[in-house]
Structure formats: C-alpha cells, structure tokens
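What follows is a set of notes on a single structure, which appears directly below.
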Amino acid sequence: NVNTFDGDPTRVIRYVEAMQPEILVLEEVDRHWLDELATLHPLYPHRVVEQRPDNFGIALFSQQPVKSSSILTFGSAELPTIEAILDTTAGDLTIVATHTLPPVTATYARLRDEHLLALASSLSKHKSPTLLVGDLNTTPWSFAFRTLLSDSGLANCAAAFGVLPTWHANHPVWKIPIDHCLHSKGIVVHDLRVGPNVGSDHLPLTAHISLTNSSTQ
C-alpha cells in the first residue's frame, strides 16, 4: 500500500529495484503513481492495472506472463480486485489482489466484512494454486479474518513467521498486521517478512514461495 496522496514514489521504486520481486502488487495507485512507476516497466513487462483517483487503485506488475486477468468487485462497496493467472515454468499461479474499506465507521466495517465474505466464496472455487494479497484492513485475530480463512480454504502465509505488523509505519510503537498474504494448497511459503519504511503509512510485505519445483518472490 503506497499511500496515494502522501507516499514517496522515489523510495518505493528504489526499494523495488533493490528487491526485484518477480511479482509486485501495489495498492492506492492513481494516475500520478502509475506515471512515476513507469520506470519499472522494463523490469515488469506484464501488468494489470486499475487506476482510480481515490485510495483504491490497484496494480499487478509481473515478470511472469499473464495468461488471463479480470477486474472483479466483491460486495456493495464495489472496490476493484485483480484476479490474474500467471504462466510460470511450474504451472499456473493465480494472484488475487484486493483492498477493502477501513473499518473507521460501522458502515465501513460492514462493507469490509461483506467484501471479505464474497471474496472467500469466490476463492473457494479456485482450482489452481492461489495467492491472495492485499491490505485487508483487518487483523488476523478478527472474526472477519478467521471467517475468510475458513470459508476460502486458504492458509495464512504468516502462520510460521509470527506477527508481522505493517501499519502504521511511522508510529514508533503501535503497529498492527493488516496487510496479508494467504495461500492455497500447492504453494509452500519459505519466508514472509516486513520491509523497511518506503515513505508510505504501510510497510511492504515480501513473501518467498515455491510452486512445485520453482520459487518466486
């Protein structure tokens, strides 16, 4: 989550160039952000983008070819979710990237939970190995998150790595884990870690996974 209006494109780009993940999900991207991120296009020739002028634009940058992609919505808030099938050397990998409303009001909390419930139902029907990534605006201890796991059949990538707080990046003490990576069967998670402050209110989350006999970040 790059923080649409207050984030720092230069620091984000510098971090991506240093890490060079094979798959990159960016949330809160508007037209200005996408213009700045164009410098990464040579590194990521395959892209799926849904830019918006608010905080809910979303982008998938990939070094792996994209076989198919869709922009979906789940729940009444109708926020965009990217669903893309990547053509990897080890077979198909489905990436689902989403961003829910923050629960700052009772209505927003209800819409967030509705989003996650509808998403879980969709994920439960997936056949190929699947990763769900994004700012879910909920902690792993919430009822909404536990329902997402049980109804989707996905597992929390962080299960073996402890609590990984990602927000608020600039608070010296108080941080909570609201950015998540979930995985289906057929995926092994070798590492999951929080990165440094890159100028957003969120810290980046990096996963090292393997699919059959390949590995990717």
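The values are calculated or read from the model by the stated rules, or taken from the named source; none is laboratory data. A quick note: this is a predicted structure, and the numbers were derived from the prediction, not measured. Every residue, glycine among them, receives a Cβ derived from its backbone with ideal geometry; neighbour counts consider all protein chains shown. To get the accessible areas, we keep the full protein, side chains included, count just its heavy atoms, and leave off ligands, DNA and RNA. Shrake-Rupley method; radii C 1.70, N 1.55, O 1.52, S 1.80 Å.
Within a Cβ distance under 12 Å of V48, other residues only, what is the Lys/Arg minus Asp/Glu net charge?
Overall, the nearby charge balance is 0.
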Query - Kyte-Doolittle at least 0.0, axis length at least 20 Å by Cα - qualifying DSSP helices, the chain - result: 106-123
Report summary line: Expected vector for the stretch 79-96, Karplus 3J(HN,Hα) from phi with 6.51, -1.76, 1.60 and θ = phi - 60°, integer Hz, x for Gly and Pro, equals 8, x, 10, 8, 10, 9, 9, 9, 9, 9, 5, 9, x, 5, 10, 8, 10, 10
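Fully extended, how many nm does the chain gain between T139 and R14 (0.36 nm per residue separation, minus their Cα-Cα distance)? Numbers along the way, then the final one.
Working: separation 125, 0.36 × 125 = 45.00 nm, distance 2.85 nm.
Stretched fully, the T139-R14 segment lengthens by 42.1 nm.
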Requested in this report: Any chance you could run the full-extension gain for T89 through D54? It's 0.36 nm times the residue separation minus the Cα-Cα distance, nm to one decimal.
Outcome: 9.0 nm
Requested in this report: Would you work out the relative contact order for the chain, in percent, from Cα pairs under 8 angstrom that are 6 or more residues apart?
Outcome: 18 percent
**Report entry** Average accessible surface area per residue within the chain, 1.4 Å rolling probe, Å²
**Finding:** 45 Å²
Query raised in the report: What shape does the stretch 1-159 have by the C-alpha gyration tensor, where a ≥ b ≥ c are the square roots of the eigenvalues, rounded means a/c under 1.5, and otherwise prolate means a/b greater than b/c and oblate the rest?
Result: oblate
Report summary line: Of all stretches in the chain that avoid trypsin sites (Lys or Arg not before Pro) placed in a DSSP loop and having at most 13 other Cβ atoms within 10 Å, the longest is 1-124
**Report entry** Carbon + sulfur, % of accessible area of the stretch 4-156 - ligands and nucleic acids excluded, 1.4 Å
**Finding:** 51 percent
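Relative contact order for the stretch 16-95 using alpha-carbon pairs under 8 Å, separation at least 6, rounded to a whole percent?
Relative contact order of the stretch 16-95: 25 percent.
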Query raised in the report: In terms of the Cα gyration tensor, with a ≥ b ≥ c the square roots of its eigenvalues, is the stretch 105-204 rounded because a/c is under 1.5, prolate because a/b exceeds b/c, or oblate?
Result: oblate
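Rounded, prolate or oblate: pick one for the stretch 1-66, where a ≥ b ≥ c are the square roots of the eigenvalues of its C-alpha gyration tensor, a/c under 1.5 means rounded, and failing that, prolate if a/b is larger than b/c, else oblate. Intermediate results must be reported in sequence, preceding the final value.
Working: a/c = 1.97, a/b = 1.31, b/c = 1.51.
Here the stretch 1-66 falls in the oblate category.
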Query - Unit charges at the beta carbon, dipole of the chain: most positive-side option, P65, L136, I187 - result: I187
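Please list W33, W141, W167 from largest to smallest accessible area, probe radius 1.4 Å, with all protein chains kept in place.
The most accessible residue leads, giving W141, W167, W33.
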Report task. Roll a 1.4 Å probe over the protein heavy atoms and report the accessible area of E36 in Å², nearest 10. Result -> 80 Å²
